[in-house]
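To keep things clear, I will list the structure first and then write my remarks on it.
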Amino acid sequence: LMLRNSSQPYLTTFESSGCVDGQVLSLQFPRSLLPLPERGLRELNAVPIRGARGMAALASQFLLQLARHLAEFSPAEATRVSPLTLDVLTAALAGALDARSAVPPGSRRRALLAQIYAFVQANLGEAELTPAAIAAAHHISLRYLNKLFHAEGHTVAGWIRERRLKQCRRDLAEPHLAGYPINAIAARWGFTSPAHFSQAFRRAYGLSPREFREQCTR
């Protein structure tokens, strides 16, 4: 991650060894929206913030998911995700500045929840993705994790199951995966029991996985 002040001229160059394709996600917003000390932000200007650990790592996961799905957002969804993205960036920058106390509580909560969502999405295929594992990865208690999701109208396990089912449904509808076993698709997205997957899929969509796949190929 790198913060740039666009009120000053700047030049960005990229170096790589060999032929490597890359992409840059650029987010532009008014300085006034960052509730962080001016002096600290000046010190961070054009300084690389490594995304391998801490809050920066969690922010990187969120931003990578954002970049991958940006084209799918409706105008209304884009409007909702913009302040959420700023909350995540604020938390990452505050971590780099060691100024976490400057971040408003609401922003900290929303940033944490966004990072948890990104973490879950990135690890959906792991059968060990449990509420306890998520809480441990984000250094919070299981009770607080449940409280965060309850405030959003979800349970942790229910939200994970919903995301997994959506991924399975998407794969089952793909023509180029028509020869791929249904149980293998379920396992790919973290369902270890074929019977449990079939029951959950039918409850969610009113059809068995096989019936849904056959419907998509007609």
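Report relative contact order for the range 39-115 in percent, whole number only (criteria: Cα-Cα under 8 Å, sequence separation at least 6). Walk me through the numbers before you get to the answer.
Working: 53 pairs, mean separation 26.6, N = 77.
35 percent.
For the chain, with every protein chain kept in place, what is the accessible area per residue (1.4 Å probe, Å²)?
Working: 13780 Å² over 218 residues.
Value for the chain: 63 Å² per residue.
If you roll a 1.4 Å probe over the chain with all protein chains in place, what percent of the accessible area is carbon or sulfur?
Values: 7320 of 13780 Å².
Of all accessible area on the chain, carbon and sulfur atoms account for 53 percent.
In degrees between 0 and 90, to the nearest 10, how far off the longest principal axis of the chain does helix 54-69 point, with axes built from Cα atoms?
Value to nearest ten degrees: 60.
Give me the dipole magnitude in Debye, nearest 20, for the range 80-178 about the Cα centre, with unit charges on the beta carbon: positive for Lys and Arg, negative for Asp and Glu. Kindly include the intermediate steps, with their values, before the conclusion.
Values: 13 positive and 8 negative charges, 64 e Å.
Charge dipole of the range 80-178: 300 debye, to the nearest 20.
Stretched out fully, how many nm does the piece from residue 38 to residue 196 gain, at 0.36 nm a residue minus the Cα gap? Let's see the in-between values first.
Working: separation 158, 0.36 × 158 = 56.88 nm, distance 5.34 nm.
Using 0.36 nm per residue and subtracting the Cα-Cα distance, I get 51.5 nm.
Return the loop-located trypsin sites (Lys or Arg not before Pro) in the range 25-85 (DSSP other than H, G, I, E, B) with at most 10 other Cβ atoms within 10 Å of their own Cβ; answer none if there are none. Walk me through the intermediate numbers first.
Working: sites: 31, 39, 42, 50, 53, 68, 80; in loops: 50, 53.
Answer in residue order: 53.
Based on the Kirkwood radius over alpha-carbon pairs, what is the Stokes-Einstein translational diffusion coefficient of the chain at 10 °C with 1.306 mPa s viscosity, in µm²/s?
Working: Rh = 19.8 Å.
Answer from the Stokes-Einstein relation: 80 µm²/s.
For the chain, with only Lys/Arg (+1) and Asp/Glu (-1) charged at the beta-carbon, what is the dipole magnitude about the Cα centre, in debye rounded to 20? Write down the numbers at each step before the final one.
Details: 26 positive and 16 negative charges, 109 e Å.
Rounded to the nearest 20 debye, it is 520 debye.
Would you mind calculating the gained length between residue 23 and residue 98 on full extension (0.36 nm times residue separation, minus the Cα-Cα distance), in nm to one decimal?
Numbers: separation 75, 0.36 × 75 = 27.00 nm, distance 2.88 nm.
My answer for the length gained is 24.1 nm.
Looking at the range 5-72, which chymotrypsin sites (Phe, Trp or Tyr not before Pro) are DSSP coil and have at most 10 other C-beta atoms within 10 Å of their C-beta?
Details: sites: 10, 14, 62; in loops: 10, 14.
Those satisfying the criteria are 10, 14.
Taking the 0 to 90 degree range and rounding to the nearest ten, how far is the long axis of helix 105-122 tilted relative to the main principal axis of the chain, both from C-alpha atoms?
50
Between the helical axis of 156-172 and the dominant principal axis of the chain, each derived from Cα atoms, what acute angle in degrees is found, rounded to the nearest 10?
For 156-172 against the chain, the angle is about 70 degrees.
The values are calculated or read from the model by the stated rules, or taken from the named source; none is laboratory data. From a predicted model like this one, the values you see are computed outputs, not experimental measurements. All Cβ positions, even for glycine, are placed from backbone atoms using ideal geometry, and neighbour counts span all protein chains on display. These accessible areas exclude ligands, DNA and RNA; they are computed on the full protein's heavy atoms, side chains included. Shrake-Rupley method; radii C 1.70, N 1.55, O 1.52, S 1.80 Å.
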